Amino acid sequence: MTRPLPIVAIDGPAASGKGTLARRVADALGFALLDTGALYRAVALSMIRSGADLDDPAAAAAAARALTADDIARLTADPALRQDDTAAGASRVSAVTGVRLALLEFQRAFAACPPGGAAGAVLDGRDIGTVICPDAPVKLFVTASVEVRARRRFDELRGRGETPSFPDVLADMQARDARDSNRAIAPLVPARDAVVLDNSDKDVRQSFEEAMQVIRARLPA
Ligand SMILES: Nc1ncnc2c1ncn2[C@@H]1O[C@H](COP(=O)(O)OP(=O)(O)O)[C@@H](O)[C@H]1O
Ligand SMILES: Nc1ccn([C@@H]2O[C@H](COP(=O)(O)OP(=O)(O)O)[C@@H](O)[C@H]2O)c(=O)n1
């Protein structure tokens, strides 16, 4: 039997803390990290910048196929990547099959051959355990109640000097959850063999320690 690649797949809804956890886990293990949400955001941002219609599936697929590794590096470093309109755009284009296919190989290649000679890879997103790396030895599904997640996003926006309204942030979060969970292709669901970690009542350190226990038990030595 071939040994599974040392891959940690972390999926979950918006503001569940998967990005924070993925970074900590990658640092602790010395693994390379891929934030796959940034790829969908990059597609949306490139379309916003070129004035393309985000609801046109053919335009979205073409934008995803046109992205070079240099474009991805440039767009993922752009501060506009983190804005909420880019996130909402990412959620729309990510329902397009052609967009997902265009980004598939990039993600699989990263997992199979982590850059910088790293011994393994951590990928975080929505479909890592179900579609991108179905053979990953460690699959975590990180979640928290929608109210807790909206509160985190609200605090984040305020921390950036914005003046959001909590009901609007909550409504955006619910709309994005519904779009991500109900789409026909690669919907947001835990893989059958994922460990679900609900961190509604945990802080970042507790969530990290809980995740590391699962990882140590499942990652091949
Ligand atoms: N376990 C946690 N408990 C409390 N807050 C958290 C936790 N994990 C992350 N956060 C905070 O919640 C916000 C969203 O976290 P982030 O990792 O960006 O989520 P995601 O990648 O799932 O969108 C950030 O401000 C982060 O500091
Ligand atoms: N593997 C992934 C990652 C993100 N996405 C989409 O991209 C959007 C932005 O993802 P993100 O992870 O950057 O968003 P946050 O959870 O950080 O708010 C999500 O709402 C999903 O629709 C996806 O479809 N598949």
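The table for this structure:
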| item | result |
| --- | --- |
| Flag for LEU103 being in contact (Cβ under 8 Å) with a residue 40 or more places away in the chain, away from ligand 1 (no atom under 16 Å from the Cβ) and open to solvent by less than 20 Å² (accessible area, probe 1.4 Å) | yes |
| Identity of the residue in the stretch 14-68, within 16 Å of ligand 1 (Cβ to nearest atom) and over 29 Å from ALA119 (Cβ atoms), that ends up surrounded by the fewest Cβ atoms within 10 Å (Cβ to Cβ) | ALA14 |
| Cβ pairs under 7 Å, 6+ apart, first in the stretch 75-87 and farther than 19 Å from ARG176 by Cβ, second of a type outside the set (Gly, Ala, Ser) | LEU75/LEU45; LEU75/LEU81; ASP78/LEU45 |
| Some residue of the stretch 159-170 being among the acidic types (Asp, Glu), in contact (Cβ under 8 Å) with a residue 24 or more places away in the chain and open to solvent by 40 Å² or more (accessible area, probe 1.4 Å) | no |
| Top-ranked residue in the stretch 202-221 [being farther than 30 Å from THR86 by Cα and assigned to a loop (DSSP other than H, G, I, E, B); ranked as most open to solvent (accessible area, probe 1.4 Å)] | ALA221 |
| ALA15 being among the aliphatic types (A, V, I, L, M), under 17 Å from PHE208 (Cα atoms) and part of a loop (DSSP other than H, G, I, E, B) | yes |
| Candidates ARG92, ARG49, ARG24, ARG82 - the one that is away from ligand 2 (no atom under 16 Å from the Cβ) and closer than 24 Å to ARG153 by Cβ | ARG49 |
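The values are calculated or read from the model by the stated rules, or taken from the named source; none is laboratory data. Here the structure is a predicted model, which means the values were calculated and not measured. Using ideal geometry, Cβ is built from the backbone for each residue, glycine included, and neighbour counts are taken over all protein chains shown. With ligands, DNA and RNA removed, areas are computed over all heavy atoms of the protein, side chains included. Shrake-Rupley method; radii C 1.70, N 1.55, O 1.52, S 1.80 Å.
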